[in-house]
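A short write-up of the structure that comes next.
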Amino acid sequence: MPLPKVPQRLPDVISVLQAEELVTQPFAEGPAGLRDRAILEVLYGCGVRVSELTGADTGDVDLKEGFWRVSGKGGKEREVPIGGMAAQALEEYLISGRPFLRPKGTTGRPFSDALFLNVRGGRLSRQAVFRMVRAYGGRVGLKMHPHTLRHSYATHMLEGGADLRVLQDLLGHADIATTQVYTHVDRRHIREEYLSTHPRARLRVTGV
């Protein structure tokens, strides 16, 4: 039985160290800074699409249980684990950031149920997230977009030993062939590691 075709174009990914530099850089004090840090941590820590992030409501996340109910393409729902630094950053935003994102001069709760809000208390747009990720990436010398973090999440999961079928579910891919592109990225990473670390990997005998 022939293997399913895999897309030829390999996704852009950043290294684990670059991801660390991205999410640990200084953020502005205040609600917007807490929001931005939470967004970067969640994009890398959960591998969600931008549309899934901006479409999420506060009731979709259960930090106590450690899961996020994500509404994906075609309205298909899946549960994505959220823990570690992503959960911590999101909790800090929900407690000390989100309640204060509302129009200036107003009091009370923001008028939107959206998980991530703009400074006027409304749902954050996809365009705003794209601009934000590009800006924070530029600060640490990275040219990137939100999907770079999704690609990096998947690649680093595979490098850590994640099962391909589990990763398919986490990413919300209908076809495993879409997920298999990350195995090619992982193989490229393995080869680069081999060539850069083995003392005889780059040696060639000429004239044989």
Discussion item. Go through region 99-133 and report how many residues are assigned to a helix (DSSP H, G or I) and either modelled with pLDDT of 95 or more or touching a His at 6+ places or on another chain (Cβ under 9 Å) (or both).
Written reply: 8
Worksheet item: What about Val133, is it touching a residue at least 40 places away in the same chain (Cβ under 8 Å), among the β-branched types (Val, Ile, Thr) and over 16 Å from Val48 (Cα atoms)?
Response: no
Worksheet item: If the Cβ limit is 6 Å and pairs must be 6+ apart or interchain, which residue in region 153-174 that is on the phi > 0 side of the Ramachandran plot pairs with which residue that is surrounded by 14 or more Cβ atoms within 10 Å (Cβ to Cβ) and modelled with pLDDT under 90?
Response: Gly172/Gly72
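In region 169-177, is there at least one residue being more than 18 Å from Gly45 (Cβ to Cβ), of a type in the set (Gly, Ala, Ser), modelled with pLDDT of 75 or more and in a loop (DSSP other than H, G, I, E, B)?
The answer is yes, given that some residue of region 169-177 is more than 18 Å from Gly45 (Cβ to Cβ), of a type in the set (Gly, Ala, Ser), modelled with pLDDT of 75 or more and in a loop (DSSP other than H, G, I, E, B).
Yes/no per residue for (1) surrounded by fewer than 16 Cβ atoms within 10 Å (Cβ to Cβ); (2) without any contact (Cβ under 8 Å) to a residue 60 or more places away in the chain:
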residue	(1), (2)
Leu17	yes, yes
Val50	no, no
Thr54	no, no
Gly66	yes, yes
Gly72	no, no
Gly97	no, no
Asp113	yes, yes
Leu117	no, no
Gly121	no, yes
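The values are calculated or read from the model by the stated rules, or taken from the named source; none is laboratory data. Predicted, not measured: the structure shown is a model, and the values here were computed from it. When we count neighbours, we look across all protein chains shown, and the Cβ atoms used for this are built from the backbone with ideal geometry, even at glycine.
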